[in-house]
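Derivation of every value follows stated rules applied to the coordinates shown; laboratory data play no part. All figures in this text were calculated on a predicted structure; none of them were measured in a lab. Glycine also receives a Cβ, built like all others from the backbone with ideal geometry; neighbour counts cover every protein chain displayed.
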Amino acid sequence: MLGYSFESVYLMLGSDCNANCSYCLQKGNTKKQKFPDKLNYKVIDFIELMASRYYESQENTPVNNRKYFWVTYFGGEPLLKFDLIKEVNEELLKRGVIFRSSIITNGLLLDEDKVNYFNKHNFVVALSHDGLYSKKNRGYNVFEIVDSNVIMKINRLALNAVLTVNSYLDDIIEDYLNINEKYSEVHNYNIEMNIETFLDTGSCNQEKLDDFDYDKLYNQSYNLMMKYAKGNYNDKTLPSNNLISKYIKEFILKVKNNINSTPERGGCYCGRKVLNLDLDGNLYSCHNSSFPISRIEDSINDYFINLGCADRRVNVPPCEDCYVKFLCVGGCKMVPEELDEKYCKMQRAFYGGFIKALCDWGENCD
Ligand SMILES: C[S@@+](CC[C@H](N)C(=O)[O-])C[C@H]1O[C@@H](n2cnc3c(N)ncnc32)[C@H](O)[C@@H]1O
Ligand code: SF4
Ligand code: SF4
């Protein structure tokens, strides 16, 4: 794996989970697979090497623009493996590796001790929560299960939502703004918010997309961008305005950054900028996949050849002429080709509203 640098690693701790979310894309793939559950210390050597490669690749970058190497703990439910997280984190620290950490979690096992640990080690805790109607999607609302004072204590809290037939953009944002109001009172800064579309990988609950109101989502994303364009979020004394503005600005930046590129269908950043690694040193094309494509001892050439094979889409039209390609950037490799059409419809509803609003906004500016 020499001679190439990656920005981060997703450490796949296994597929065990303490929840049963109706839409979980892991139901049909990773849940059937037994992942290694014992840490092979070669994995730590490898992360150490990858971090140093990443910093070497930035030697000519001005110091202020340099970025950290990130380690993200992923599952199943990663909090079921809290001791392993501590073991990896402490071993990396002991070796003097410079890195940042994050965890993507359903949050059900969060308690004061874990939050203190994450705060002490500056973790970003990305909590999966689908807004007002989270219970319908996930079977629970984490804010009703875990003491919300514990959640509010997290120093770096991100909320991750999935857009489904139960949870539309406006419902998610309304709930996130309420949570953020309390959070920003405690911390004097905002949460981060990430909202993704539901991915039908063929193994999740199909009903979620069959009844989906694509026009409703399109109109909601159009209106959100238009409200931003009209200056509705300009009063920066309100935390909610800053939260929405930051969210919208990230879309605008992404469009700018991708304006001249044509994405490869199914060829997302996963596996290319991000390494997906299990505890024994197997590498995967996606952290939601259960089929290793390579191992940490293998050559980088073999890795990329296998990644290309895992990502390949041959029977679907290219993304060339698609008007949301700057935001969708080619789609998800976990969606099988036969469900690609549905997938694109969803992407065009969500991102199409933003893009159309940007075009209308542009036309109305001098
Ligand atoms: C697979 S979970 C694993 C981590 C942890 N158990 C959790 O729920 O945060 C990672 C993320 O994928 C999201 N997710 C699950 N199924 C999905 C689907 N079909 N489409 C889009 N996102 C999905 C979850 O909501 C969660 O934010
Ligand atoms: S989305 Fe996360 S919490 Fe829900 S079933 Fe899947 S792995 Fe478990
Ligand atoms: S929505 Fe567009 S950019 Fe995204 S996968 Fe489909 S064709 Fe490609």
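Which of the residues belonging to region 290-304 are in contact with a Ser or Thr (Cβ under 7 Å, 6 or more places away or on another chain) and either more than 16 Å from ligand 1 (Cβ to nearest atom) or in a helix (DSSP H, G or I) (or both)?
Of everything in region 290-304, those that are in contact with a Ser or Thr (Cβ under 7 Å, 6 or more places away or on another chain) and either more than 16 Å from ligand 1 (Cβ to nearest atom) or in a helix (DSSP H, G or I) (or both) turn out to be 293, 302, 303.
When you look at residue 33, is it buried (at least 17 other Cβ atoms within 10 Å of the Cβ) and of a type outside the set (Gly, Ala, Ser), yes or no?
No; evaluated as a whole, the condition is false for this residue.
Does any residue of region 49-68 turn out to be within 16 Å of ligand 2 (Cβ to nearest atom), aliphatic (A, V, I, L, M) and in a helix (DSSP H, G or I)?
Taking every residue of region 49-68 in turn, none turns out to be within 16 Å of ligand 2 (Cβ to nearest atom), aliphatic (A, V, I, L, M) and in a helix (DSSP H, G or I).
List the number of the failed condition for residue 99; all other conditions in (1) farther than 15 Å from residue 275 by Cβ; (2) more than 16 Å from ligand 2 (Cβ to nearest atom) hold.
(1)
Please verify whether region 305-313 includes one or more residues that are in contact with a helix residue (DSSP H, G or I) (Cβ under 8 Å, 6 or more places away or on another chain), in a helix (DSSP H, G or I) and surrounded by fewer than 19 Cβ atoms within 10 Å (Cβ to Cβ).
Step one: filter region 305-313 for residues in contact with a helix residue (DSSP H, G or I) (Cβ under 8 Å, 6 or more places away or on another chain), giving 313.
Now restrict to residues that are in a helix (DSSP H, G or I): none.
Looking through region 305-313, none of the residues is in contact with a helix residue (DSSP H, G or I) (Cβ under 8 Å, 6 or more places away or on another chain), in a helix (DSSP H, G or I) and surrounded by fewer than 19 Cβ atoms within 10 Å (Cβ to Cβ).
How many residues does region 146-204 contain that are crowded, with 22+ Cβ neighbours inside 10 Å and small (Gly, Ala, Ser)?
2
Consider residue 172 against the criteria (1) out of contact with any Gly (no Cβ under 7 Å at 6 or more places or on another chain); (2) in a helix (DSSP H, G or I); (3) hydrophobic (A, V, I, L, M, F, W, C): it satisfies all of them except one. Which criterion is unmet?
Single failed check for residue 172: (1).
Pull out all pairs, ordered by first then second residue, where Cβ-Cβ is under 7 Å, the residues are six or more apart or on different chains, the first lies in region 312-340 and is farther than 20 Å from residue 271 by Cα and among the aliphatic types (A, V, I, L, M), and the second is in a helix (DSSP H, G or I) and within 16 Å of ligand 1 (Cβ to nearest atom).
Once the first residue is farther than 20 Å from residue 271 by Cα and among the aliphatic types (A, V, I, L, M) and sits in region 312-340, its partners that are in a helix (DSSP H, G or I) and within 16 Å of ligand 1 (Cβ to nearest atom) give 316/340; 324/347; 324/351.
Which residue out of 359, 319 is surrounded by fewer than 17 Cβ atoms within 10 Å (Cβ to Cβ), more than 16 Å from ligand 2 (Cβ to nearest atom) and under 25 Å from residue 259 (Cβ atoms)?
Sole residue among the options that is surrounded by fewer than 17 Cβ atoms within 10 Å (Cβ to Cβ), more than 16 Å from ligand 2 (Cβ to nearest atom) and under 25 Å from residue 259 (Cβ atoms): 359.
Restricting to region 111-145, give me the number of residues that are within 13 Å of ligand 2 (Cβ to nearest atom), assigned to a loop (DSSP other than H, G, I, E, B), crowded, with 21+ Cβ neighbours inside 10 Å and of a type outside the set (D, E, K, R).
1
Do you know which of the residues in region 226-256 that are touching a residue at least 40 places away in the same chain (Cβ under 8 Å) and farther than 14 Å from residue 351 by Cα is surrounded by the fewest Cβ atoms within 10 Å (Cβ to Cβ)?
Checking each candidate, the answer is 246.
Checking the structure you have, find out if any residue of region 95-102 is within 16 Å of ligand 1 (Cβ to nearest atom) and either part of a strand (DSSP E or B) or under 22 Å from the mean Cα position of the chain (by Cα) (or both).
Going through region 95-102, the residues within 16 Å of ligand 1 (Cβ to nearest atom) turn out to be 101-102.
Within this subset, residues satisfying the condition of being either part of a strand (DSSP E or B) or under 22 Å from the mean Cα position of the chain (by Cα) (or both) are 101-102.
Among the residues of region 95-102, at least one is within 16 Å of ligand 1 (Cβ to nearest atom) and either part of a strand (DSSP E or B) or under 22 Å from the mean Cα position of the chain (by Cα) (or both), which makes the answer yes.
Restricting attention to region 317-338, and to residues there that are near ligand 3 (Cβ under 7 Å from one of its atoms) and assigned to a helix (DSSP H, G or I), which single residue is farthest from residue 359 (Cα to Cα)?
Out of the qualifying residues, it is 328.
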